[in-house]
Amino acid sequence: MFGWWPKALPPEVVVVDNVGVERRLCDGSLETIAWKDLVQVTIVTTEEGPFTEDLFFLLEGANGEGCLVPSCSSQSTPLLRYLQKLPGFDNGKLSDAIGCVENARFVCWKKPA
């Protein structure tokens, strides 16, 4: 009877483990970053909140690979635990990002040269 109705997209899945971070998007595409390849952590904020996601963890690798994790993800707390263990992770920038309501970027960590 309702065969014409569009099928729901599968939920987005984020996995954080000892190897790295993986994000499978609703369309089936995959973003990944291994901890060993991580070179920069940036928090991206948007002016879109508070009724839609407006804070993201951007995990960047040296070769352009990376992963963008929304803070509303069920894995954002485990992710943050990993990130805060990085030597020199800037919790002050994290705090600034959490309080930001504009489009902005906050570099919280860079891999030492």
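A few notes on this one:
- Ordering Asp37, Asp17 from the fewest to the most neighbouring beta carbons within 10 Å gives Asp17, Asp37.
- The value of relative contact order for the chain, using C-alpha pairs under 8 Å at least six residues apart, is 25 percent.
- Dipole moment magnitude, nearest 20 debye, the chain about Cα centre, only Lys, Arg, Asp, Glu C-beta charged: 380
- Exposure proxy order (Cβ contacts within 10 Å, fewest to most) of Val15, Val39, Val69: Val15, Val39, Val69
- One entry in (i) 1.03; (ii) 1.18; (iii) 1.26 is Cα Rg over 2.2 N^0.38 Å calculated from the shown coordinates; its label is (ii).
Bear in mind these aren't lab numbers, they're just calculated from the coordinates by the rules spelled out. Note that the coordinates shown come from a computational prediction; the quantities given were computed from them, not determined experimentally. No Cβ is skipped: glycine too gets one built from the backbone with ideal geometry, and neighbour counts run over all protein chains shown.
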